[in-house]
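The values are calculated or read from the model by the stated rules, or taken from the named source; none is laboratory data. Computed from a prediction, not measured in an experiment: that's the story for all the values here. For neighbour counting, all protein chains shown are included, and Cβ atoms are generated from backbone atoms with ideal geometry for every residue, glycine included.
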Amino acid sequence: MRTSPNDPVDAVLAEGLKNLWYPICPSEFVGERPVSLRRLGRKFVFWRDQTTGKLHALEDHCPHRGAPLSMGIALGDRIACGYHGVQVRADGVVTSVPGSPGCKLEGAKATRSFHVTEAAGAIFLYNSSENVDTPPPLVLPEELTNDQEYSSFLCYTEWGGDYRYVIDNVMDPMHGTFLHKQSHSMAEGDATATFGVRETDTGFVFEKEGQRGVNFDWTEWADTGIHWMRLAIPYPKTGGPGGSFTIIGSYTPIVPNVAAVFHWRVRKLVPGWQRDTWRFLYRNRLEARHWAVLEQDRVVLELMEPDANQREILYQHDMGIVRLRRHVRKLAQAQLDEQEEKAA
Amino acid sequence: MKELYLDPHQARRRQPTPFEDLLGDSIERGYAAGIEDLAAMVAHLNRTGPNCPENEGIWTEQNFQEAMARLSA
Ligand code: FES
Ligand SMILES: [Fe+2]
């Protein structure tokens, strides 16, 4: 996506809004060895404490001269930089400067530190604008937290397109009827539909009027301290009982025009043989079918010119996109205003 | 930039066995025929196969549930 030059709001959105939780990567990407990942306009280092297994995150930038901390050695809750041995604790405080003991860098909170947590098979990071002692709780939709009623698998992918195009794609249910016509679950549905917007406590639902449970008929956008989206697609009968297949999505910028794409594929099934059987079928064959559908999205999105968003002629189906863009621009503007106030 | 992560099989930890593929086929056919309860699914498997790998080939509600619990874990 081309970010409009000289548009500070766009620049904020390109890197991702601050003071929100974002999914970063699947849990298994991070072990005891430090891992460097670019996300949200900076480079982070993630590692796990060998003894407690606790996950830590710092900016991947040594406060001494800027070597990547990820090249260093993890020592429990600290990392010793590989360049000159400066040790930085998970809260950003330098605990030791071996080359110059007692210098003023020791004891200083010199590195940006970030709160991280894990849920539903993924690592989440609180993208605070400055260091905070306690982040707000991570609030995920019930599909990902209520294990007694729902079962899910995470599908993680990285796409060569702006994360905002990924969001636009999900806020565009009508593409199911066309792009996904050749798929195991979206061959139905009218090729024309009128859409409406319905408010919720945490966001809004953009939905086809008078059509539900036929194709990809609605999308919800929500802000619970993390931005996520929800949609449901009718499952073919071969998928067994359990009703629609629900997708929870959340999207994180990696670098300009590369997005980290998280889709949790969910079914409402209580523990028991039906849930187990769905999980078996998912591993054995359904995952591959869902993958084929998701690839259809990726291919279109990656082939769109980065400046496609500068030359659009939108119509009624795109109302959800327009509304969401307006809303996040407002959030970005508020963050800019707050910054300015602080600076003044 | 490193290559982008695109792994089509994230839930599966190994290749499925031929038996698992046959079992998947059969369960899907059962569901397609409208089966929703356990007894009917077990009867369907005993009628159309594949045979249960133990118990002299006979599926029971017990061993089918155990198989699903194992294969979904
Ligand atoms: S740059 Fe890290 S210790 Fe010098
Ligand atoms: Fe799609």
### Task
Check the stretch A:31-53 and report whether any residue there is within 14 Å of ligand 1 (Cβ to nearest atom) and of a type in the set (A, V, I, L, M, F, W, C).
yes
#### Entry: So A:ILE313, is it in a loop (DSSP other than H, G, I, E, B), more than 12 Å from chain B (Cβ to nearest Cβ) and either farther than 26 Å from A:SER27 by Cα or modelled with pLDDT of 95 or more (or both)
yes
### Query
Can you pull out the helices (runs of 4 or more DSSP H) entirely within chain B that have at least 3 residues that are closer than 26 Å to A:ALA120 by Cα?
B:61-72
### Query
In the stretch A:166-178, is there at least one residue being more than 16 Å from ligand 1 (Cβ to nearest atom), under 20 Å from the mean Cα position of the chain (by Cα), away from chain B (no Cβ under 14 Å) and under 30 Å from B:SER72 (Cβ atoms)?
yes
### Task
Only residues that are within 14 Å of chain B (Cβ to nearest Cβ) and crowded, with 21+ Cβ neighbours inside 10 Å: list them for the stretch A:6-29, please.
A:PRO23, A:ILE24, A:CYS25
#### Entry: Residue satisfying condition, being acidic (Asp, Glu) and at the interface with chain A (Cβ under 7 Å from one of its Cβ atoms), within set B:GLU20, B:GLU66
B:GLU20
### Task
Select from the stretch A:101-145 the residues that are over 29 Å from A:ARG230 (Cα atoms), among the hydrophobic types (A, V, I, L, M, F, W, C) and in contact (Cβ under 8 Å) with a residue 12 or more places away in the chain and list them in ascending order.
A:LEU105, A:ALA108, A:ALA110, A:VAL132
### Query
Which residues, counting only those in the stretch B:7-17, are over 16 Å from B:MET68 (Cα atoms) and facing chain A (nearest Cβ under 7 Å)?
B:PRO8, B:HIS9, B:GLN10
### Query
Does A:ASN284 fit the bill of being assigned to a helix (DSSP H, G or I), within 13 Å of chain B (Cβ to nearest Cβ) and crowded, with 19+ Cβ neighbours inside 10 Å?
yes
### Message
Let me confirm something: among B:ASN51, B:ASN55, which residue is at negative phi and more than 7 Å from chain A (Cβ to nearest Cβ)?
### Response
B:ASN51
### Message
A:ASP223 - would you say it is more than 9 Å from chain B (Cβ to nearest Cβ) and either closer than 30 Å to A:VAL9 by Cα or of a type in the set (A, V, I, L, M, F, W, C) (or both)?
### Response
yes
